[in-house]
Amino acid sequence: RMMEIFRNLGEIDEQVVPITIFVAVLCLILVICHILQENRWVNESITALLIGCASGTVILLISKGKSSHLLRFDEQLFFTYPLPAIIFNAGFQVKKKQFFHNFFTIMLFGVIGVFISSSIITAGSSLLFPMFGFIGLTPHDYLGMGAIFSSTDTVCTLQVLNQDETPFLYSLVFGEGVVNDATSVVLFNAIQKLDIDNFDGWSAARLLGDFLYLFSTSTALGVAVMICISTLWCLFVSYRHSTIREIALMVLMAYLSYMLAELFHLSGILTVFFAGIFMSHYAWHNVTDGSRITTKHVFAMMSFIAEMFIFLYVGMDALDIEKWKMNKLSFWNSLGIYSSVLLLILLGRAAFVFPLSALSNCMNTTSTSTIKPKHQLIIWWAGLMRGAVSIALAFKQFTHYGVPLDPINATMVTTTVIIVLFTTMVFGVLTKPLVTYLIPHSRRNRNISREPSGASLDELNLPLISIEESAATNFLRAKQSFSMLIGAPVHTIHSFWRRFDDAYMRPLFGGPQSNEE
C-alpha cells in the first residue's frame, strides 16, 4: 500500500509537492514562534530567516548543489496578493488617535525622509560602486536602488517597545514604518515611468509632480471607497446583521480598493493603506461585535502569513547557487559593495531623522510631543532594518520571474538579500539591549503618556461655527483659533479635525465619539 502511495506521488503535478513542503515549513515557523513568544530577542522575522536558511541548506544537499528553492519568486504575484494584505493590516491596526495627533511628524519621516534617504543612497552608490569594479548599472537602476533601500522594516523595534508604556514613541515608529513602505513603493513606481535619457530640471519636477499626483489621488481613492462602504452599512446593512456577509464584504472591499487603484494606474499600496485606516475608523463600528473581533484577527493573520512567506523565501534565496555563480566580483569587492550599501543606509537614515526631529519639535510646543534625543536614536535605529518590501522591489527591478538575466542584476539581488539578512538578524538582535538601555523599564512606567494637553473634551465638542450664537462670539472664537494655529499649528489642526470628525463625519459614517474612545 505504501509503495502504491509513493508511485502516485510521482504522478502528481510537480508543483504540489513543493507547495506542500513550503506550507509545512511555514507551520513549523508558527510553532517555533509560539514557543518563543515571550522571547523578545528573536522575533518572527529572524525565526523565518533562520529556518529559511536551514531549509535551503537541506534542499541544496538533496539536489546535489543544483538549487536551494522549493518555489520561484514571482514579484508580480507578490504585489497582487501578499503585499496588499501586509499594508492594509498596518493601516487597519494603527491607533488612529495617536497616528493623527502625530500625523505631521509621521509624514515628515515617512515621506520627506524617504526622498532624503533615497537621494543619498542613489548618489553614494553611483560614486562608491565603481571604486570596487562594479560598473554597468544604469541611472535608472541607481534611482530604483535608492527607493529599494529606503524601505524600512520596524518589526524588531515594535516588538521591544510597549504601546501602553511609550505610546508617543511607538506611534512614531509604527506610523513612520508603514508610511515609509507605501512612499517607497510610490516613489519606485514613479521612477519606473521616468525618462532617464532626457533627464533635466523639468524631469525632476515631473518626478515630484508624478509622486504628488499618485500620493494624493491614491489616498483620496482609498478614503472614498471606505466612505462608500460606511455609507452602505449605515443605510442598508445595519438593519439586518449577518456576521459572515459582513466579514466577507469587509475583506472584499479592502481588496477592491487596491485593484481599483491598479486599474486606474495609481498606487494600490497607498490606497489600501488609507482604506485600512478609514475602514477601522468608520465602517468597522457599524458591524456586529463578532464581526469586529473576527475581522481584526483575520487581517492580522493574513498579514502575518504573508510576511513569514517572504522572510522564509529570503532565507532560502540566500543559498541560491545560481545567483552567486553569476556574480563576477571577487569576494573583497563584493564585501565592499555590501559595506557601501550598509554605510549609505546608516547615513541616509541619520540625514533626515535628526534634522526632521528638530523641525518637528519646533512645530510641536506640547511636552508630550517632543522627540527627545534618546527617542531620536531609537527612531534612527528602528529604520535600519530592511524587509519584505525591499526584497519585492529588488526582484521587480533586477529579475524576471525571480531569475536575474545578467551578472549585474544577480549582484544587486544578492546584495539586497545580504542586506536584509544582516540588518534583520544582527540589528534585530541588538534592538532589545539598545532600547532597554535608553529607556529603562521603570522609566517607561513613569512616562506613560496621557492625552495631549491644550484642548479639553468640552472644547473639542464645541462646534466650529454656530448659527445659534452671535456674530461677535463666532468672530472671537475664530480669532482664538487663529492664534492657536499660529502658536501650535500641529496640535490645533488635530483638534480641529477631531471636532469636525465628531460633529459631522462620525454621525454620518459610524464610529464612537472622542470621549468614548
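Subtracting the Cα-Cα distance from 0.36 nm times the residue separation, let me have the gained length for Cys228 to Phe354 in nm, one decimal.
Values: separation 126, 0.36 × 126 = 45.36 nm, distance 4.01 nm.
Length difference between fully extended and current span is 41.3 nm.
Determine the share of region 71-438's accessible area contributed by carbon and sulfur atoms, expressed in whole percent, with a 1.4 angstrom probe.
With neighbouring chains kept in place, the figure for region 71-438 is 70 percent.
Keeping all protein chains in the complex and leaving out DNA, RNA and ligands, what accessible area do you get for Glu262 with a 1.4 Å probe, in Å² to the nearest 10?
80
Given an 8 Å cut-off on Cα distances and at least 6 residues of separation, report the relative contact order of region 363-425 as a percent.
33
What is the calculated FRET efficiency for Phe264 to Met363, with r their C-beta to C-beta distance and R₀ = 30 Å, to the nearest 0.05?
Efficiency at R0 = 30 Å is approximately 0.30.
Beyond a 26 Å Cα-Cα separation, which of these cross-linked pairs lie in this structure: Lys325/Lys432; Lys64/Lys396; Lys66/Lys328; Lys193/Lys325; Lys96/Lys372; Lys97/Lys374? All intermediate terms of the calculation are to be shown ahead of the outcome.
Working: Lys325/Lys432 37 Å; Lys64/Lys396 29 Å; Lys66/Lys328 19 Å; Lys193/Lys325 32 Å; Lys96/Lys372 23 Å; Lys97/Lys374 24 Å.
Check vs 26 Å cut-off fails for Lys325/Lys432; Lys64/Lys396; Lys193/Lys325.
Separation between the Ala300 and Ser119 pseudo-spin-labels, each 7 Å from Cα along Cα→Cβ, expressed in nm?
With each label placed 7 Å out from Cα toward Cβ, I get 4.0 nm.
Can you compute the FRET efficiency between Met107 and Gln37 using 1/(1 + (r/R0)^6), with r the Cβ-Cβ distance and R0 = 30 Å? Round to the nearest 0.05.
Efficiency at R0 = 30 Å is approximately 0.35.
Would you work out the relative contact order for region 96-185, in percent, from Cα pairs under 8 angstrom that are 6 or more residues apart?
On the way: 78 pairs, mean separation 41.6, N = 90.
Normalised by residue count, the contact order of region 96-185 is 46 percent.
I'd like the Kirkwood hydrodynamic radius of region 254-379, using the inverse of the mean 1/r over distinct C-alpha pairs, in Å.
19.8
Give me the one-decimal nm value for the distance between modelled label points at Thr243 and Thr20, 7 Å along each residue's Cα-to-Cβ direction.
About 3.4 nm separates the two model spin labels.
Over all distinct alpha-carbon pairs, what is the Kirkwood Rh of region 71-438 in angstrom?
Computed over Cα pairs of region 71-438, the Kirkwood hydrodynamic radius comes out at 21.3 Å.
The values are calculated or read from the model by the stated rules, or taken from the named source; none is laboratory data. All values reported here derive from a predicted model rather than from experimental measurement. Counting neighbours? That spans all protein chains shown, and the Cβs are built from the backbone with ideal geometry, glycine included. Note: areas computed on protein heavy atoms with side chains; ligands, DNA, RNA excluded. Shrake-Rupley method; radii C 1.70, N 1.55, O 1.52, S 1.80 Å.
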